[in-house]
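The values are calculated or read from the model by the stated rules, or taken from the named source; none is laboratory data. What you are looking at is a predicted structure, and each value in this text was computed from that prediction instead of being measured. Cβ placement follows ideal geometry from the backbone for every residue including glycine, while neighbour counts extend to all protein chains displayed. Side chains are part of the model used for accessible areas, which takes the heavy atoms of the whole protein and leaves out ligands, DNA and RNA. Shrake-Rupley method; radii C 1.70, N 1.55, O 1.52, S 1.80 Å.
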Amino acid sequence: MTDSPIQNVGDTAFMVAAYRAVESERPDALFRDLLADRLAGERGRKIIANLPKGAFVGGWSVIIRTCVIDRLIETAIAEGVDTILNLGAGLDTRPYRMDLPASLRWIEADFPHMIEWKETKLAGETARCRLERIAVDLGDHAQREKFLADVAASSQKTLVLTEGVIPYLTPEEVAALARDLKSNPVFHYWIVDYFAPETYRYRRRKGMTRAMKNAPFRFEPADFFGFFRDLGWQPKVTPYLAEESEQLRRPLVFPWPFRMWIKLVTFFMPPARRARMKQFMGYVLLEPMAASPSA
């Protein structure tokens, strides 16, 4: 037994589904995920009920990131993407929830037990596009290499989505995935989580690192964009959640003592630093860098 409500990385999928279910019940919901509660079940509800008080930031981020990624996907489809490859898809329901072209190919890849749970809970539901689910251990390099080669052979322009996946990988695992994707031009875009170094410190202060001890963040590069640039990927666009939430009229609201402290501190900050404070977390749409003429 453990005092953490999260037993493994797989539990984070139930946590995310539960947060999406709660959002969908709001009268002012930013989206309606009518399948989220069915997928989260009692397991997901128990997880979010037993997280530390500081976890409200995580709940807010799930909602805003859902909207941000929805928009990135819509834009990519408008630019000609014909395949969405969702690696570590978890309990995502976008193929059922979003307004998608019927011709779009959507591939969900995850561990067999997660695929089985999803197939069982969504039996009888009809996706709005050509949905495929494939059980694969993405941590096994040989399996991943073959799987990606199969996808590339039957697609032309693919957006890879790794929502809530990269933070749980080691830098070596992220680098290996980056190289695998970069090796094939079919993988045209890649969506990854971004956290500023300050975010990791906040998680530790507010007890999230302890609550997530069975599913720890392992990817904490000092220079996030430099890490991917060295592997041949550059940002096309980086929507930061705090900035996006203002546009969505769902800003992050801290408890009042901390809120007063933030207002006092930021009052004396230079404008540039205040702007950086809103860039603590986001989602990056990466694209392959063109090879240099001398390469």
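Would it be correct to say that residue 148 is touching a residue at least 24 places away in the same chain (Cβ under 8 Å) and in contact with a Leu (Cβ under 8 Å, 6 or more places away or on another chain)?
On the way: touching a residue at least 24 places away in the same chain (Cβ under 8 Å): yes; in contact with a Leu (Cβ under 8 Å, 6 or more places away or on another chain): yes.
Taking the combined requirement at face value, the residue satisfies it.
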(request) Would you be able to tell me the number of residues in region 186-198 that are open to solvent by less than 10 Å² (accessible area, probe 1.4 Å) and at pLDDT below 95? (result) 1
(message) Can you confirm whether residue 35 is aliphatic (A, V, I, L, M) and under 23 Å from residue 282 (Cα atoms)?
(response) no
(message) Anything in region 24-39 that is more than 16 Å from residue 90 (Cβ to Cβ) and touching a residue at least 24 places away in the same chain (Cβ under 8 Å)? List them, or say none.
(response) 30, 31, 32, 34
(request) Please work out which one of (1) open to solvent by 10 Å² or more (accessible area, probe 1.4 Å); (2) in a helix (DSSP H, G or I); (3) touching a residue at least 24 places away in the same chain (Cβ under 8 Å) is the condition residue 42 fails and give its number. (result) (3)
(request) Select, from 108, 145, the only residue that is modelled with pLDDT under 95 and out of contact with any His (no Cβ under 6 Å at 6 or more places or on another chain). (result) 145
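In this structure, is residue 85 out of contact with any Phe, Trp or Tyr (no Cβ under 7 Å at 6 or more places or on another chain) and of a type outside the set (S, T, N, Q)? Write out each step before concluding.
Values: out of contact with any Phe, Trp or Tyr (no Cβ under 7 Å at 6 or more places or on another chain): yes; of a type outside the set (S, T, N, Q): yes.
Answer is yes for this residue.
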(request) Quickly run through region 240-257 and pick out the residues that are surrounded by 12 or more Cβ atoms within 10 Å (Cβ to Cβ), modelled with pLDDT under 90 and hydrophobic (A, V, I, L, M, F, W, C). (result) 252, 254
(message) Please go through region 77-136 and give me each residue that is open to solvent by 50 Å² or more (accessible area, probe 1.4 Å), in contact with an Asp or Glu (Cβ under 8 Å, 6 or more places away or on another chain) and touching a residue at least 40 places away in the same chain (Cβ under 8 Å), ordered by number.
(response) 111
(message) When you scan region 23-30, do you find a residue that is of a type in the set (S, T, N, Q) and either out of contact with any Lys or Arg (no Cβ under 6 Å at 6 or more places or on another chain) or not in a helix (DSSP H, G or I) (or both), even just one?
(response) no
(request) Considering each residue of region 165-185, count those that are in contact (Cβ under 8 Å) with a residue 60 or more places away in the chain and surrounded by fewer than 21 Cβ atoms within 10 Å (Cβ to Cβ), and give that number. (result) 3
(request) Starting from region 222-242, keep only residues that are under 12 Å from residue 193 (Cα atoms) and assigned to a helix (DSSP H, G or I), then list their pairs with residues that are modelled with pLDDT of 95 or more and charged (D, E, K, R) whose Cβ atoms are within a distance under 7 Å, requiring at least 6 positions of separation or different chains. (result) 241/65
(request) Consider residue 66 carefully, then state whether it is under 12 Å from the mean Cα position of the chain (by Cα) and under 24 Å from residue 168 (Cβ atoms). (result) yes
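Taking into account only those residues within region 47-64 that are at pLDDT 95 or above and farther than 20 Å from residue 110 by Cα, which is surrounded by the most Cβ atoms within 10 Å (Cβ to Cβ)?
Going through region 47-64, the residues at pLDDT 95 or above turn out to be 62-64.
With the extra rule that they be farther than 20 Å from residue 110 by Cα, the set shrinks to 63-64.
On the way: 63: 22, 64: 25.
The residue in question is 64.
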(request) Within region 1-23, track down each residue that is touching a residue at least 40 places away in the same chain (Cβ under 8 Å) and open to solvent by 60 Å² or more (accessible area, probe 1.4 Å). (result) 7, 8, 9
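I'd like to verify a number: residues in region 104-161 that are part of a loop (DSSP other than H, G, I, E, B) and of a type in the set (Lys, Arg), how many? So that I can check it myself, show each step before the final result.
Here is the first cut: in region 104-161, the residues part of a loop (DSSP other than H, G, I, E, B) are 104, 111, 122-129, 136-140, 154-157.
Those left that are additionally of a type in the set (Lys, Arg): 128, 157.
Final tally of qualifying residues: 2.
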